[in-house]
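Only one structure is covered here, and it is reproduced in the block below.
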């Protein structure tokens with residue numbers, strides 16, 4: 001897009017009320033605490049050199065992880081092909097296309113076999129133990145920020161090739177020595193993702209607006225399945241520029257360099273309350289005086305019965 005690099009210095013305190021407080025909060029143990037069922041998009045695992053004796057491994061790793069995350073309430077809205085991009089663009093694209101703020105990128109390496117058959121008839125074939133690494137990054141497409149970057153070494157297992165080749169979608173593979181080692185890595189990753197997203201405030205987008213006299217109804221992409229509740233109040237945020245360009249990284253970064261032309265600073269537009277609660281979308285009543293547009297953000301304001309502050 002045309003334009004020259006622009007650097008805008010933001011006033012951090014002006015946006016302090018827009019930032020998640022989850023980093024300084026801990027979950028309650030009672031009913032109703034932190035009931036946010038965040039949406040995320042997962043990639044199939046990118047494997048540089050796939051093992052020749054296992055089929056369907058990239059998809060199977062993603063499916064295995066998705067099932068674990070979904071049992072805890074997270075919503076895996078799509079599993080997409082692997083991406084080589086290390087930046088935030090795929091996360092912001094997922095937010096724009098799927099209304100899924102979180103984007104989990106998977107990769108695996110050194111998962112092949114090493115060794116050779118024995119040259120002697122009486123000796124067994126010799127293979128190095130099979131191990132490798134499982135890695136992932138977690139990005140927030142709504143705020144243009146990286147939340148996690150992990151790499152786990154897999155426990156060494158029997159390196160003998162599968163004969164015939166194994167189907168990674170089959171249960172028998174995950175019951176093998178190496179399948180169990182890989183599954184343990186998937187479990188460790190699931191724990192880290194859940195710990196990172198736990199109690200983060202719900203973030204969604206305005207889909208459409210409708211004037212109601214001096215008030216405005218906002219149709220948003222959050223609902224009961226996301227953890228939104230009838231008594232929730234939300235902050236309406238003008239992100240400053242379209243989320244599918246650069247994300248709303250202005251909310252988390254004091255400076256921004258871009259070639260997208262003049263940059264408007266994000267700002268709070270005031271509060272809105274839930275008037276209709278649907279399964280995947282809802283209606284909010286906004287009584288502020290600012291112009292609210294499709295694509296603006298809404299963020300659920302923390303409630304005392306959801307979060308409590310850590311002791312000083």
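Between residue 217 and residue 146, what's the calculated FRET efficiency when r is the beta-carbon distance and R0 is 41 Å? Round to 0.05.
For R0 = 41 Å, the calculated efficiency reads 0.70.
Sort 231-237, 82-88 by the packing proxy (mean of other Cβ within 10 Å over each peptide's residues), most packed first.
The peptides rank, most packed first, as 231-237, 82-88.
Arrange 163, 208 by Cβ neighbour counts within 10 Å, fewest through most, would you?
The order, fewest Cβ neighbours first, is 163, 208.
FYI, it's all coordinate maths here, none of it is from the lab. Quick caveat, the model's predicted, so the values are computed rather than measured. All Cβ positions, glycine included, derive from the backbone under ideal geometry; neighbour counts span all protein chains shown.
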